[in-house]
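Read the structure below first, then the notes.
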Amino acid sequence: MINIKELKKITLFKNLKPDELAEIAKISKIKETKKDQELFKAGDKRQEFFIVLSGFLRISREIRDEKQTLAFMSTNNFAVESSLVDPKLKHSHFGEIIEAGKILIIKGKDFIKLRNTNPDLTNKIYGNILKNLTERLHHANNKLLTVYSTGRIASTYANIYNILSLILESILTIIKANQAFFVLFKPLQNKAVIQEATGYKKNQEIKNLNISLDKDPFLYEIFKSGEDIFIDREDFKKDKKWHLPYLKNSALGVKVKAGKDILGAIVIVDKKEENFSYNNQILLNIISRQIASAISTAERLENGQHKREYIKPF
């Protein structure tokens with residue numbers, strides 16, 4: 001079995017207790033790698049999660065029969081985190097060892113079994129992965145790939161509200177806006193409740209806002225129409241109805257929908273350069289689709305409608 005002291009050196013596991021490290025050791029193995037060894041290729045199932053202990057791993061994709069490098073991974077970097085969510089997915093990239101060393105491997109199916117028996121432990125690791133993915137956005141060559149991974153990991157998290165701030169920070173990093181918040185709709189009470197906010201001078205005040213839907217043209221439009229909404233800088237200047245406590249200069253609101261229900265919205269505010277784009281909307285919709293099921297389950301748990309369940313992501 002892997003030495004627990006060795007596991008403790010790995011960044012993703014630093015906050016784990018000895019008994020939790022012992023559980024991870026049971027499902028882990030260390031493998032020596034050779035230069036030019038192919039760890040995985042496009043089309044293979046994403047069955048294994050990799051942490052680089054030494055050496056270098058290159059992640060690439062194939063475009064018109066040529067390999068384009070997306071990232072180089074060294075000690076403590078990890079790859080194929082989606083295997084911890086759904087090991088039936090297939091790779092769209094290639095992983096190749098370019099300098100011999102060692103890697104730690106965890107099979108996705110073993111991690112999912114552990115999630116069923118010890119969800120608190122696996123949630124710690126999901127949280128650590130999310131923090132790392134957020135940091136990775138500052139130097140990621142492929143931000144869409146990173147935000148997709150962020151959304152998939154977030155969708156498995158048992159207490160989704162605990163990680164909303166991480167998700168919003170990730171979004172601001174990618175889209176280069178100044179503020180963001182997540183709002184939950186309460187139609188029976190005719191209210192919208194801001195659950196999390198980031199980038200505001202007084203985040204706590206924004207988070208405490210309970211808004212009457214029929215008195216808020218921006219949020220009401222999303223809830224009523226079920227459509228995403230753009231406000232560009234010219235619209236904001238011309239129409240005072242958009243001068244709301246949480247809006248400034250420009251905004252993009254994207255619905256979070258489960259089935260036919262509009263659960264809430266992710267809103268980003270005040271883009272640093274020009275107006276929000278269609279590509280920004282696509283990225284937000286990727287995240288909203290990934291977390292919708294987790295949000296829905298969190299609401300059911302809060303209302304006492306169901307026992308705790310762990311979400312299989314989209």
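The values are calculated or read from the model by the stated rules, or taken from the named source; none is laboratory data. Since the model is a prediction, treat every value here as computed from it, not as a measurement. Positions of Cβ are backbone-derived with ideal geometry, glycine not excepted, and every protein chain shown enters the neighbour counts. All accessible areas refer to the heavy atoms of the entire protein, side chains included, with ligands and DNA or RNA removed. Shrake-Rupley method; radii C 1.70, N 1.55, O 1.52, S 1.80 Å.
Here are some pairs, Lys207/Lys257; Lys41/Lys109; Lys17/Lys202; Lys107/Lys207; which of them have Cα atoms lying more than 28 Å apart in this structure?
In this structure, Lys17/Lys202; Lys107/Lys207 lie more than 28 Å apart at Cα.
Within 9 Å, Cβ to Cβ, of His93, how many net charges do the neighbouring residues add up to if Lys/Arg are +1 and Asp/Glu are -1?
Result for the neighbourhood of His93: +1.
Can you give me the Cα centroid spacing of segment 14-28 and segment 242-270 in angstrom?
Going from one Cα centre to the other spans 40 Å.
Roll a 1.4 angstrom probe over the protein heavy atoms and tell me the percent of accessible area of segment 210-293 that is carbon or sulfur.
Carbon and sulfur: 45 percent of the exposed surface of segment 210-293.
Grab the beta carbon distance between Ile30 and Lys186, set R0 = 45 Å, and tell me the FRET efficiency rounded to 0.05.
0.35
Residues of segment 75-98 with amide nitrogen under 18 Å from the 7 Å Cα-to-Cβ point of Asn116?
So the set is 83-89.
If the only charges are +1 at each Lys and Arg Cβ and -1 at each Asp and Glu Cβ, what is the size of the charge dipole of segment 17-127 around the Cα centre, to the nearest 20 debye?
220
Between Asn76 and Lys88, with labels modelled 7 Å along Cα→Cβ, what's the label distance in nm to one decimal, could you check?
Each label point is offset 7 Å from its Cα along the Cβ direction, giving 3.6 nm.
Under 17 Å Cα to Cα from Lys271, which lysines show up? Leave out anything in the same chain fewer than 8 places away.
Answer for Lys271, where 17 Å is the Cα cut-off: Lys176, Lys201, Lys237, Lys248, listed by chain and number.
Below 12 angstrom from the Cβ of Ile222, what's the summed charge of the other residues (Lys, Arg +1; Asp, Glu -1)?
So the environment of Ile222 carries a net charge of -1.
Could you sort out which of Lys34/Lys67; Lys67/Lys88; Lys14/Lys35 sit more than 22 Å apart by Cα distance in this structure?
Checking Cα-Cα distances, Lys67/Lys88; Lys14/Lys35 exceed 22 Å.
What is the distance, in nm, between label points placed 7 Å from the Cα along the Cα-to-Cβ direction at Glu227 and at Gln68?
Simple spin-label model gives 3.3 nm for this pair.
Ignoring any ligand, DNA or RNA, what whole percent of the accessible area of segment 24-95 comes from carbon and sulfur when the probe is 1.4 angstrom?
43
Please compute the net charge surrounding Ser212, taking Lys and Arg as +1 and Asp and Glu as -1 over other residues with Cβ under 12 Å from its Cβ.
Residues close to Ser212 contribute a combined charge of +1.
Three principal axis extents, largest first, for the C-alpha atoms of segment 55-123, in Å?
So the extents along the principal axes, rounded to whole Å, are 43, 27, 15.
Give me the dipole magnitude in Debye, nearest 20, for segment 35-95 about the Cα centre, with unit charges on the beta carbon: positive for Lys and Arg, negative for Asp and Glu.
Approximately 80 debye in magnitude.
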